[in-house]
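Computed from the coordinates by the stated procedures, all read-outs in this text should not be read as laboratory data. Being a predicted model, the structure only gives us computed values, none of them experimental. Cβ: placed from backbone, ideal geometry, glycine included. Neighbour counts: every protein chain shown.
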Amino acid sequence: MNVIIIGSGMAGLTAAAALAKAGHQVSIFEQYPQPGGVTAPYEKEGYRWDLGQLLIEDLGPDEPLGAILAELGVLDKIRVKVDDRRYVFPDFEINKPEKVAGLRWRIDYLKGQFPGDAAGLERYWKDYLRFTSVMIIARRMVKARGIAALYWKARLFLKLLPLLPKKDWSAKRLMDDYFKSEKLKCVFTSILADFFTPPSQFIGLGIFALNPEASFDKRLPRQLAKDTEQLYYYSILGGIHTLVKALVETILAHGGQVYTSRPVAKIILQNGRVSGVVDQSGKQVPAEIVVASASAPTPNTTPLEASLPSWVPGGCLTRRPFEGCGLWGRKAKAAVG
Ligand SMILES: Cc1cc2nc3c(=O)[nH]c(=O)nc-3n(C[C@H](O)[C@H](O)[C@H](O)COP(=O)(O)OP(=O)(O)OC[C@H]3O[C@@H](n4cnc5c(N)ncnc54)[C@H](O)[C@@H]3O)c2cc1C
């Protein structure tokens, strides 16, 4: 099928590579002169900087993101390395110990720094283990078939149960529930600055995913508890633009096109079906499927329709927080997710 993808960020590039590899005729329309969206590097006077993406979750070949890139034939074109981070606040730091000091070293260190919040840190730790377990069981469920899939589904539900009351909490509410110290709350939420999102607007349970213990000490053993493995963060050596380049090459190798400096002005709907796009020069380009990945609107508080770029026809989308959007030409209504 003839597919137009609006936007060449990670979402657009991955969708394009998958569709081109599956035999579809794919064209990406990107408004800026270079592909990559927020992963396009900033270049000046012969130097190149990534704008922020430093640690990427799950990039190992047996992990979800890595598996997708491996399937696309892209993973072996980039160099990835498990990495960890340190935190430096004005008056204290979190540095991994010189020698591996056990799975709970960070929680125990924080208990020493914030003794008034020791009980809250224990509650955080219990929920962190539960959440990580849910993530790992979910991975096994996706890979399993038949009875095994049902087994993992039941396990997932049981693990999830104690977390369900908190599923709609914001990160602020979660932190307020565990801790009294504002500084300690910052230890877990400061990373949200990356998302330009205040804790009051970020999904609470997402805090566990953004603070996996192995991302503070990559030497920790993989096994965290029964059925619970560490979640790892990776760096891409040479910068994230090497991933952009590898994806673009894959798209081109499968006959796709990447048009830069070509903004889409409008998506055309005919009788409730997508039939193509209009670019900024006014040219109509037909397509059976249009995938709109571009410029995710402000996260989960703003209703999508209110914050959509003007090129998306109104009244055709619903949205859940942090999901991309796609407009599928074959369906009468746009699909989201
Ligand atoms: C500072 C910072 C730090 C981050 N750190 C991390 C990290 O450490 N780890 C991690 O996993 N993630 C990180 N992220 C998040 C991650 O980089 C983004 O979630 C992801 O790259 C977004 O990809 P996207 O394709 O959804 O959107 P974008 O990259 O925004 O791509 C959208 C594209 O659509 C194009 N577009 C928009 N409108 C049009 C139009 N009308 N016509 C044509 N093109 C259009 C835009 O120009 C853009 O290229 C970070 C993000 C930022 C900003």
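Taking the number of other C-beta atoms within 10 Å as the exposure measure, put Glu122, Glu98, Glu30, Glu229 in order starting with the fewest.
Glu98, Glu122, Glu229, Glu30
Using only DSSP helix segments of four residues or longer, with each worth -39500 (n - 2.57), what per-residue ellipticity at 222 nm results for the chain after dividing by its residue count and rounding to 500?
Counting only the DSSP helices, I get -9500 deg cm²/dmol.
With only Lys, Arg, Asp and Glu charged, each at its Cβ (+1 for the first two, -1 for the last two), find how big the charge dipole of the chain is about the Cα centre; round to the nearest 20 debye.
Charge dipole, the chain, about its Cα centre: 920 debye, nearest 20.
Using Cβ contacts closer than 10 Å as the measure, can you line up Phe216, Phe195 from fewest to most? The partial results should precede the final answer.
Values: Phe216 19, Phe195 14.
Placing the least packed residue first, the sequence is Phe195, Phe216.
By the scheme Lys and Arg +1, Asp and Glu -1, what is the net charge of all other residues having a beta-carbon under 14 Å from that of Thr250? Show your work: numbers first, answer last.
Details: positive: Lys21, Lys77, Lys245; negative: Glu71, Asp76, Glu249.
Result for the local shell: 0.
Would you list His254, His24 from fewest to most Cβ contacts within 10 Å?
Details: His254 20, His24 17.
Ranking His254, His24 by Cβ neighbours within 10 Å, fewest first, gives His24, His254.
Residues with beta-carbon under 12 Å from that of Leu158, excluding Leu158: net charge, scoring Lys, Arg +1 and Asp, Glu -1?
So the surrounding residues net to +3.
So how long is each side of region 43-137 along the principal axes, counting just the alpha-carbon atoms, biggest first, in Å?
Largest first, region 43-137 extends 48, 43, 24 Å along its Cα principal axes.
Using only the alpha carbons, work out the radius of gyration and Dmax of region 98-199 in angstrom.
My reading of the Cα-based Rg and Dmax gives 16.4, 48 Å.
Percentage of Cα-Cα pair distances in the chain greater than 25 Å, rounded to whole percent? Walk me through the intermediate numbers first.
Working: 33660 of 56616 pairs.
The proportion of pairs with Cα distances above 25 Å equals 59 percent.
Using the charge dipole of the chain (Lys, Arg: +1 at Cβ; Asp, Glu: -1 at Cβ; taken about the Cα centre), state which of Gly239, Gln223, Trp105 has its Cα farthest towards the positive end.
Gln223
In the chain, what percentage of the DSSP-assigned beta bridges are antiparallel, given to the nearest 5?
Counting only bridges with both partners in the chain, antiparallel ones make up about 70 percent.
Select from the chain the helices, each a whole stretch of DSSP H, whose alpha-carbon atoms run 20 Å or more along the helix axis and whose Kyte-Doolittle mean is at least 0.5; answer none if there are none. If you can, show how the numbers build up before the last one.
On the way: long enough: 118-143 (38 Å, -0.05); 146-160 (21 Å, 0.87).
Span-like helices in the chain: 146-160.
Quick check on packing: order 232-243, 54-65 by the mean number of other C-beta atoms within 10 Å, highest mean leading. Don't skip to the end; give the middle numbers.
Details: 232-243: 19.5, 54-65: 16.6.
By packing density, highest mean first, the sequence is 232-243, 54-65.
What aspartates and glutamates does Lys126 reach when the alpha-carbon gap must be under 20 Å and sequence neighbours fewer than 8 apart in one chain are set aside?
Asp108, Asp117, Asp168, Asp176, Asp177, Glu213, Asp217, Asp227, Glu229
Of the options Ser133, Gly66, Leu174, report the single residue whose Cα projects farthest towards the positive end of the charge dipole of the chain (beta-carbon charges: Lys, Arg +1; Asp, Glu -1).
The listed residue farthest towards the positive side: Ser133.
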